[in-house]
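Engineer: My questions will all concern the structure given below.
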Amino acid sequence: MRENILINKIIKEKSESRMTELLLIISGAVFLGMTARISIMLPFTPVPITGQTFGVLMIGLVYGRKLGLKTIGSYLAAGMAGLPFFSTAGSGVLFLKPTGGYLIGYVFMVLICGYLTEKGWGKSYIKTFGIMLLAETAMYLCGMIHLSFFVKANVLEMGLYPFVIGDLIKMSLVTFSVPSIWKAVDFFKK
């Protein structure tokens with residue numbers, strides 16, 4: 001399994017240093033916080049267009065399940081504690097905000113991406129795209145179920161349809177990037 005986690009190929013460290021893991025978690029959480037700052041508010045929905053899904057997919061596919069979950073957990077904890085890591089203003093309990101379900105959905109995204117990448121799916125362009133379709137579906141289910149408690153209008157029109165094209169673009173970028181990085185790492189590690 002460990003040989004199918006990209007970060008383990010990039011950082012070839014036999015000792016599994018706790019400091020290295022901590023630095024990866026912190027840098028991953030900061031990366032997610034930065035992708036959240038790429039945000040466009042839409043006038044008809046409380047859910048913004050953000051770069052977060054790109055970041056979460058990359059974390060899941062590069063870090064794998066365990067390190068990815070630690071990173072997402074740290075990101076969510078830091079955001080709830082008040083660091084400017086979420087796209088919408090403020091911190092606090094995730095369940096009190098309309099976008100909280102999407103943030104919780106990130107946990108499932110990382111689980112799906114990490115698990116399937118550990119099975120070797122992250123090296124193929126087609127399988128990587130398939131992984132992300134499953135992960136995005138899980139995130140949207142969590143997000144729209146939670147959003148339905150806050151809005152009276154059609155949840156699909158407010159929580160899914162406006163984001164499909166952007167997410168397909170982000171998924172295409174990740175689909176091209178991750179397997180290409182695998183190929184480059186395998187080439188240079190020979």
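Engineer: Between Phe108, Phe129, Phe150, which is open to solvent by 20 Å² or more (accessible area, probe 1.4 Å) and within 20 Å of Met41 (Cα to Cα)?
Structural biologist: Values: Phe108 fails: within 20 Å of Met41 (Cα to Cα); Phe129 fails: within 20 Å of Met41 (Cα to Cα).
Phe150 is the lone residue from the list that is open to solvent by 20 Å² or more (accessible area, probe 1.4 Å) and within 20 Å of Met41 (Cα to Cα).
Engineer: Is at least one residue of the range 66-88 open to solvent by 20 Å² or more (accessible area, probe 1.4 Å), at pLDDT 95 or above and among the aliphatic types (A, V, I, L, M)?
Structural biologist: yes
Engineer: I'd like to know if the range 115-136 contains one or more residues that are among the hydrophobic types (A, V, I, L, M, F, W, C) and touching a Lys or Arg at 6+ places or on another chain (Cβ under 7 Å). Lay out the reasoning, then the answer.
Structural biologist: Of the residues in the range 115-136, the ones among the hydrophobic types (A, V, I, L, M, F, W, C) are 116, 121, 126, 129, 131-135.
Going one step further and asking which of them are touching a Lys or Arg at 6+ places or on another chain (Cβ under 7 Å), we end up with 121.
For the range 115-136, residues among the hydrophobic types (A, V, I, L, M, F, W, C) and touching a Lys or Arg at 6+ places or on another chain (Cβ under 7 Å): present.
Engineer: Which condition number in (1) over 18 Å from the mean Cα position of the chain (by Cα); (2) in contact (Cβ under 8 Å) with a residue 60 or more places away in the chain is the one that Met139 fails?
Structural biologist: Status for Met139: all satisfied but (1).
Engineer: Restrict the check to the range 133-147 and report whether at least one residue is within 18 Å of Thr45 (Cβ to Cβ) and surrounded by fewer than 18 Cβ atoms within 10 Å (Cβ to Cβ).
Structural biologist: yes
Engineer: On to the next question. Quick check on my filter: what residues within the range 153-190 are of a type in the set (Val, Ile, Thr), open to solvent by 60 Å² or more (accessible area, probe 1.4 Å) and under 15 Å from the mean Cα position of the chain (by Cα)?
Structural biologist: Ile169
Engineer: How many residues, within the range 25-46, are open to solvent by 50 Å² or more (accessible area, probe 1.4 Å) and within 14 Å of Ala78 (Cβ to Cβ)?
Structural biologist: Step one: list which residues in the range 25-46 are open to solvent by 50 Å² or more (accessible area, probe 1.4 Å), which gives 26-27, 30-31, 34, 37-38, 40-41, 43-44.
Filter once more, keeping what is within 14 Å of Ala78 (Cβ to Cβ): 26-27, 30-31, 34, 37.
Matching residues across the range 25-46 total 6.
Engineer: A further question on this structure: Scan the range 111-126 residue by residue and report those that are open to solvent by less than 70 Å² (accessible area, probe 1.4 Å) and either more than 14 Å from the chain's Cα centre (by Cα) or free of Cβ contacts under 8 Å to residues at least 40 places away in the same chain (or both).
Structural biologist: Leu116, Glu118, Gly120, Gly122, Ser124, listed by residue number.
Engineer: Looking at the range 47-55, can you tell me whether even one residue there is assigned to a helix (DSSP H, G or I), out of contact with any Phe, Trp or Tyr (no Cβ under 8 Å at 6 or more places or on another chain) and open to solvent by 20 Å² or more (accessible area, probe 1.4 Å)?
Structural biologist: yes
The values are calculated or read from the model by the stated rules, or taken from the named source; none is laboratory data. As the structure is a computational prediction, the values presented were derived from the model and not from experiment. Cβ: placed from backbone, ideal geometry, glycine included. Neighbour counts: every protein chain shown. Side chains included, ligands, DNA and RNA excluded: accessible areas come from the protein's heavy atoms. Shrake-Rupley method; radii C 1.70, N 1.55, O 1.52, S 1.80 Å.
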